[in-house]
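Single-structure report; data block below.
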Amino acid sequence: MLIVMVSQLIAITSYGQLYMTKTGETSFFSETPLENIAAVNKQVLVILNTANGEIAIKMQQRGFHFPNKLMEEHFNENYMETEKYPAAVFTGKIKEPIDYSKDGSYAVSVDGIMDMHGVKQNRTLKGQLAVSGGQITITCAFDVKLTDHKIEVPTLVVAKIAESIAVKNKFVLIPKKTA
C-alpha cells in the first residue's frame, strides 16, 4: 500500500516538492497505577507531497525500543504480533492550505487511514506544521485505544497496560533529492 502511495506522490510532483525523512520519531506512553511503559521508534519513514498535501507514514513495529528488554519482547510477540503485522502505516491528506514557500507555523488536521495490527481505521489527526529554512517539521499527539486495533491484553497484566496509549510524533522533513 505504501509503495502505491509513494508512486502516486512521485507521479504528481510537477506542481510541488516531495519532502521526506527516514528518521522520524514516534514515541508512546502507557500510564497505570502499577506500571508506566514507554518506547521510542526513530526510524519512521515519512513522505509529504507539498503539491496536494498528501502524506504517507510507515514504521516498522520492531523499531520501537524500550528501557526494559522484556517489555520489548512482550510488545513484539504478545501484543503487536510483529511477525504477522510488521508495520503500521498512515496515509492521509492535510486539510488546510499551507504556503510552503515561506517560513511559518500552522495548526493542521489530516484526514486519513491508520493501518495497525491488521485493522484499518479512519482517523483525523491534529498537529503543528512548521516551515523553516527549507525544511518542514510536523508534530502531532493522539491516543490509540487498544481495542480499536484488536490488540489484546491478557487478563493477568491488564492492570499494567493502559486501555488508551498516548502517541507523540516529530518528523523533520527535507526536500527529496531527485535522481
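A few points about this structure:
- Tally, over the stretch 95-120, of residues that are out of contact with any Lys or Arg (no Cβ under 8 Å at 6 or more places or on another chain), open to solvent by less than 40 Å² (accessible area, probe 1.4 Å) and in a strand (DSSP E or B): 3
- Complete set of residues in the stretch 1-52 that are within 14 Å of Pro175 (Cα to Cα), at pLDDT 80 or above and in a loop (DSSP other than H, G, I, E, B): Gln17, Thr50, Ala51
- Of the numbered criteria (1) in contact with a strand residue (DSSP E or B) (Cβ under 6 Å, 6 or more places away or on another chain); (2) small (Gly, Ala, Ser); (3) over 15 Å from Phe28 (Cβ atoms), the one Ala141 fails is (3).
- Members of the stretch 125-137 that are part of a strand (DSSP E or B) and either of a type in the set (D, E, K, R) or over 14 Å from Val167 (Cα atoms) (or both): Lys126, Gln128, Leu129, Ala130, Val131, Ser132, Gln135, Ile136, Thr137
- Restricting the stretch 53-73 to residues that are open to solvent by 70 Å² or more (accessible area, probe 1.4 Å) and assigned to a helix (DSSP H, G or I), the residue that is farthest from Val131 (Cα to Cα) is Leu70.
- Hey, Ile165 touching a strand residue (DSSP E or B) at 6+ places or on another chain (Cβ under 7 Å) and open to solvent by 60 Å² or more (accessible area, probe 1.4 Å) or not: no
The values are calculated or read from the model by the stated rules, or taken from the named source; none is laboratory data. Source: prediction; values computed, not measured. With ideal geometry, Cβ positions are generated from the backbone for all residues, glycine too; neighbour counts draw on all protein chains shown. Calculation scope for accessible area: heavy atoms of the full protein, side chains included, ligands and nucleic acids excluded. Shrake-Rupley method; radii C 1.70, N 1.55, O 1.52, S 1.80 Å.
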